[in-house]
1. Out of 138, 197, I need the residue that is open to solvent by 50 Å² or more (accessible area, probe 1.4 Å) and in a helix (DSSP H, G or I). Which one?
2. Determine whether residue 35 is on the phi > 0 side of the Ramachandran plot, open to solvent by less than 30 Å² (accessible area, probe 1.4 Å) and modelled with pLDDT under 95.
3. What number of residues in segment 80-101 are in contact with a Gly (Cβ under 9 Å, 6 or more places away or on another chain), assigned to a loop (DSSP other than H, G, I, E, B) and among the aliphatic types (A, V, I, L, M)?
4. Do we have any residue at all in segment 81-88 that's β-branched (Val, Ile, Thr) and either at pLDDT below 80 or open to solvent by less than 50 Å² (accessible area, probe 1.4 Å) (or both)?
5. Would you pick out the residues in segment 154-193 that are without any contact (Cβ under 8 Å) to a residue 24 or more places away in the chain and open to solvent by less than 20 Å² (accessible area, probe 1.4 Å)?
6. Kindly establish whether residue 152 is among the polar types (S, T, N, Q), modelled with pLDDT under 95 and farther than 17 Å from residue 9 by Cβ.
7. Report yes if residue 136 is touching a His at 6+ places or on another chain (Cβ under 6 Å) and under 17 Å from residue 11 (Cα atoms), otherwise no.
8. Residue 126: closer than 15 Å to residue 62 by Cβ and either open to solvent by 40 Å² or more (accessible area, probe 1.4 Å) or modelled with pLDDT of 95 or more (or both), yes or no?
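The values are calculated or read from the model by the stated rules, or taken from the named source; none is laboratory data. Every value quoted in this text rests on a predicted model; they were computed, and no experiment measured them. Cβ coordinates were reconstructed from backbone atoms using ideal geometry, including for glycine residues, and neighbour counts include every protein chain displayed. All accessible areas refer to the heavy atoms of the entire protein, side chains included, with ligands and DNA or RNA removed. Shrake-Rupley method; radii C 1.70, N 1.55, O 1.52, S 1.80 Å.
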Amino acid sequence: MEETEETYMLQIQDTLVSLDLLERHFLCDLDKCLGQCCIEGDAGAPVTEEECRKIEEILPEIMDDLTPAAQAEIRENGVAYVDEEGDLVTSLVNGGQCVFTTFGAGGMCHCAIEKAWREGRVDFMKPVSCHLYPVRVKEYPTFTAVNYHRWNICKCAEVLGRKQGLRAYEFLKGPLTRRFGKEWYDELAATAEEYFKQYGAD
């Protein structure tokens with residue numbers, strides 16, 4: 001186990017994983033947060049060039065689900081831009097919500113891409129970075145950092161996760177496997193099991 005300035009990290013293959021991923025409980029509570037992660041923050045969701053091409057390919061299928069302002073932003077500036085840190089991220093409406101945000105009853109935010117995927121209209125679920133949230137992945141020359149992002153919006157998810165006895169790494173099994181593969185996730189799960197045997201679980 002290696003220590004950084006802010007948190008302990010576990011080495012899983014060529015990644016360093018925040019211990020928060022094991023220790024924190026997490027289960028999205030959309031009834032309370034209303035999907036605010038789609039509209040809060042200072043930049044869009046990280047995307048790869050390949051994901052941008054896929055989004056552009058399915059754009060005709062989802063365009064009518066977007067707000068007029070989002071449609072105008074995409075027509076003028078495209079589906080993504082390079083942010084201040086040099087990362088490619090989804091475009092925003094007036095520097096706020098992601099252009100792919102749709103709104104349901106009670107102001108509930110939904111991802112238009114995922115909505116279309118669930119309805120069988122497209123074959124792309126959503127960007128991996130969105131699927132992984134609250135995990136954020138950062139690539140370095142010799143390793144990949146897998147960090148747990150803490151913020152107040154997701155506090156209700158931590159409360160619900162604790163109530164249901166679900167750890168963040170368990171909640172994120174699908175997206176973590178999608179990003180890193182089954183062998184990687186199995187190693188993470190086995191490491192978590194050994195960790196809790198040694199240190200106990202709260």
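1. Going through 138, 197 in turn, the sole match is 197.
2. Here the answer is yes, as residue 35 does meet what is asked.
3. Adding up the residues that qualify gives 1.
4. No, that holds for no residue.
5. 185
6. In short, yes.
7. For residue 136, the condition - touching a His at 6+ places or on another chain (Cβ under 6 Å) and under 17 Å from residue 11 (Cα atoms) - is met.
8. Considered against the rule, which asks whether it is closer than 15 Å to residue 62 by Cβ and either open to solvent by 40 Å² or more (accessible area, probe 1.4 Å) or modelled with pLDDT of 95 or more (or both), residue 126 comes out as no.
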